[in-house]
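The values are calculated or read from the model by the stated rules, or taken from the named source; none is laboratory data. Remember, predicted model here, so these are calculated numbers, not experimental data. Because the Cβ atoms are built from the backbone with ideal geometry, glycine has one as well, and the counts that use them run over all protein chains shown.
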Amino acid sequence: MREYILRRVIYAIFIAWGVFTLTFFLLRIGPSSPADKYLATLVAKGENVEELIAAVEARQGLDKPLYIQYLDYINSLLHGDWGWSFSTSMPVMELIKIHWKYSFQLILLSMLFAVFLGILIGVYSAVKQYTKADYIATFFSFIGISIPNFWLGIMLILVFSVKLGVFKTYYDTSLPMFSLANLKALVLPVITLGTGSMAAYTRYVRASTLENLRKDFVRTARAKGLPDRVVIGKHVLRNAMLPVVTIIMFDLSGVVFGGAYLTEIIFGIPGLGQISFNAIFADDYGVVVAVTLIGALVTLFFNLITDIAYTYLDPRIRYE
Amino acid sequence: MNRLVKYYWKRTMRSRLAAFGLVYIIILVIVAIFGPFFTGDPNAVNFAEKNLPPVGFSIEHSVYDIKSGEFTTVVVKGSLKHPLGTDDKGRDLLAMLVSGARVSLYVGILATGLALIIGSVIGVTSAYFGGVVDNALMRFTDIMMTFPFFLLLVLIVFIFGPSLNLIIVVIGLTGWTGTARMVRSEALSLRTREFIQALIVLGSSNKRIIFRHLIPNVLSIIIVTATISIPGVILAEAALSFIGLGDPSVASWGRILNAGQDSLDTTWWVAVEPGILLFLTVLAFNFLGDGLRDAFDPTK
C-alpha cells in the first residue's frame, strides 16, 4: 500500500511536470514576448528603448537560451519563487494568496450543492423507478446536463437580478467571507456552476443504484425482513456510491477549469479564473503558468485521494 | 440498406427522444446549409430599426423629442419583418442565428472529426504496438487529460489570434484523449475475445475479421463518442466567443450572447435566443447519443 501511494505521488509529479513544460513552451513560442508590455510603457515615457530592452531582458533572463530559461524557471519554482506579476505589480504568490479564496468558496459550495442534490434525487429516482417522479427527475437531469452553464448564469441574472431584483447582478467583493450576505451573493453563481454537475451525478447515481437494487445481497437483506430504510441506506447506497466517487473526481477538473472560469467572469468574482483570464490578456505569463500548475496539482491531488479512498470503500480492491 | 445499419437504425429509433434529437439535428443542418440564402445579411447594420423585440412582444422606449424637449414613452412592437427582433445595431437576429447555426455545426463536426481521427490512430497504435510505445502514448494522454483544456484554448486563441479554423484545430488537437483511451481498451479487449479467437481458428481471413468483425465493433463506440462529443465542442466554441475570443468575422451564437449580456435590462431577447438554440442543439445531440449508446449495447 505504501509503495503504491509513493508510486502514485511520483507519477503525479511527473504529470505536473508535463503540464508545466507544455505551458512554458506554449507561452514562449507565441509571437508576443513578455517584454513587449514593458516596451510599450517605456516608449510612452520617451526613454531610450534599445538600451532598456537589453537591460529588461537581462533582468528577466530572457536573453538566455530557451532551455536555460526553462531550467531556471523550474529551479525557482522548486525554491518557492513563483515569479513576478507585471500587470498587478506584486509577486505571483501574493496575488494567488489574495484571490484563491474566492474560487475555493465558489467551487466548494457548488460541489456540495451538486453532490448532495445529485445523490438525493438520483437515489429517489431509482427507488421510484418508472413513476412520475422518476420521469420528472430524468427529464430535468437531461435539461441540466444540456443547458450551457454560462447561459444559465445570464438567464438567472436576467430573471432574478434584472426583472425581480432579488439578487445583485455582480458579486460584491466587500462582503466578509463567512457571512450570510456573502452566502446570498453566491446563490446564483453556485446554481450556475453546480447545475450541470448535479444533473450528471443524478443520472450516474440513478443508474448505479438501479444496478445494485437487483443484486442478490439486496434480495437477501429484504428476505431477512430489514426495513427499506436500512436496505437502501446501508446496503444499496454504499455499493452504489463507488463508481459515483470516480465520476465526481473526474468531473472536478472540468468544474475547476471550465465552469468556475466562466462563472467567475459572468458574475465578476475575483477568483483564480478571473485573474488568469486578465493575465492572459495582459501577457502576464507568470500568473498563467502558476494558475495552470495549481489547477493541475489540485486535480492530481484529488485523483490520488480517490484512489486511496477506494481501498477503504471497497475491500475487494487491493493495490499490491 | 445494409442489414446491420437497418438493425441499429430500428433499435435507435425505438427511443422517442433519440428520434426527436435526430429530427432536430437534420432540420438544423438544412437551415445551416440553405438558410443563409433566404435570410438577409447578418452583419447589415440598420440603426433605424435597432432594439426591435421579437414578434408578439413589445417594449417601452424612452424617446427624447427635440421639438418639445420632453421624454415620451413609445411602445415598440415586434414586426414580421424581423420575426426574432434586432440587436442594438439593428442587425436582424434571425439572420444572425441562422449564420450562427452554420458556425456551430461547422466547428462541431470538423473539430470532432479531427479529434476522432487523432484519438483512433493513437488508440490503435498504442494497442497494436504495446510495450514502450503504449506506455509513452498513454502517459502523454494522461498529461493532456490533466491539462486544463479551456485555459489552453483561451491561451492559444489569444496568442495566435481568433480565427475559426484555429479554434477547430486546437479543439481537435486537445479533445482526442477520451477517444484514444476508449479505442485502445476496446481494441485490446477485442483481440482476446472468444469470437475473434474462434474466427482465427476457423480460418477466417484477416480481411474478413478486420472488416466484418473488428471495425463494426469499434465503429459503434466511435459513432457514440462522436455524437456525445459534438455538443461539448459547440459549447467550447460558444464559451470562447462569449468571453470575447471568437472569430470576429462570423456571427456565432456565443458572440450574439456576449453582446446580449451587456443589455439584459433592455434587449433581453438578444441573450435569450442564441442560448435557447444552443441548449436545444446540445439536448438533441445528447438524446441521440443516448439512443445510439442503448442501440449498440447488446445487453439492452
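If the condition is being in a helix (DSSP H, G or I) and within 10 Å of chain B (Cβ to nearest Cβ), then segment A:139-151 contributes A:139, A:142, A:143, A:145, A:146, A:149, A:150, A:151. Quick check on this structure: which one of A:171, A:124 is closer than 26 Å to residue A:258 by Cβ and touching a residue at least 12 places away in the same chain (Cβ under 8 Å)? Result: A:171 is the single residue among A:171, A:124 that is closer than 26 Å to residue A:258 by Cβ and touching a residue at least 12 places away in the same chain (Cβ under 8 Å).
Residue A:201 passes every criterion in (1) farther than 17 Å from residue A:117 by Cβ; (2) assigned to a helix (DSSP H, G or I); (3) hydroxyl-bearing (Ser, Thr, Tyr) apart from (1).
Only one entry of A:132, A:163 meets the criterion of being charged (D, E, K, R), at the interface with chain B (Cβ under 10 Å from one of its Cβ atoms) and under 25 Å from residue B:280 (Cα atoms), and that entry is A:163.
Can you confirm whether residue A:225 is more than 26 Å from the chain's Cα centre (by Cα) and modelled with pLDDT under 85? Answer is no for this residue.
Yes/no per residue for (1) farther than 21 Å from residue B:274 by Cα; (2) at pLDDT 80 or above:
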residue: B:19; (1), (2): yes, yes
residue: B:30; (1), (2): no, yes
residue: B:36; (1), (2): no, yes
residue: B:43; (1), (2): no, no
residue: B:70; (1), (2): yes, no
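Restricting segment B:56-108 to residues that are hydroxyl-bearing (Ser, Thr, Tyr) and assigned to a strand (DSSP E or B), which is farthest from residue B:247 (Cα to Cα)? Residue satisfying both the conditions and the ranking: B:72. Residue pairs whose Cβ atoms lie under 7 Å apart, separated by 6 or more positions or on different chains, with the first residue in segment A:58-76 and under 12 Å from residue A:25 (Cα atoms) and the second in a helix (DSSP H, G or I) and at pLDDT below 80, are A:66/A:28. Scan segment B:136-178 for residues that are crowded, with 18+ Cβ neighbours inside 10 Å, within 12 Å of chain A (Cβ to nearest Cβ) and outside any helix (DSSP H, G or I) and the total you get is 2. Residues in segment A:249-258 that are facing chain B (nearest Cβ under 9 Å) and not polar (S, T, N, Q): A:254, A:256, A:257, A:258.
Close Cβ contacts (under 7 Å, 6 or more residues apart or on different chains) running from residues in segment A:285-308 that are closer than 15 Å to residue A:14 by Cα to residues that are surrounded by fewer than 17 Cβ atoms within 10 Å (Cβ to Cβ) and among the charged types (D, E, K, R) comprise A:304/A:8. Being more than 14 Å from chain B (Cβ to nearest Cβ), without any contact (Cβ under 8 Å) to a residue 60 or more places away in the chain, within 20 Å of residue A:273 (Cβ to Cβ) and part of a loop (DSSP other than H, G, I, E, B): is that true of residue A:108 here? Here the answer is no, as residue A:108 does not meet what is asked. Going by the conditions given, is residue B:280 part of a helix (DSSP H, G or I), surrounded by fewer than 19 Cβ atoms within 10 Å (Cβ to Cβ) and either modelled with pLDDT of 85 or more or facing chain A (nearest Cβ under 9 Å) (or both)? It is true that residue B:280 is part of a helix (DSSP H, G or I), surrounded by fewer than 19 Cβ atoms within 10 Å (Cβ to Cβ) and either modelled with pLDDT of 85 or more or facing chain A (nearest Cβ under 9 Å) (or both).
Of the residues making up segment A:54-65, not a single one is within 14 Å of chain B (Cβ to nearest Cβ) and modelled with pLDDT of 70 or more. Scanning segment B:277-300 for residues that are farther than 29 Å from residue B:254 by Cα, in contact (Cβ under 8 Å) with a residue 12 or more places away in the chain and of a type in the set (Val, Ile, Thr) turns up nothing. For beta carbons closer than 6 Å, sequence separation of 6+ or different chains, a first residue in segment A:264-276 that is within 11 Å of chain B (Cβ to nearest Cβ) and within 14 Å of residue A:293 (Cα to Cα) and a second that is among the small types (Gly, Ala, Ser) and crowded, with 24+ Cβ neighbours inside 10 Å, the qualifying pairs are A:272/A:103; A:273/A:260.
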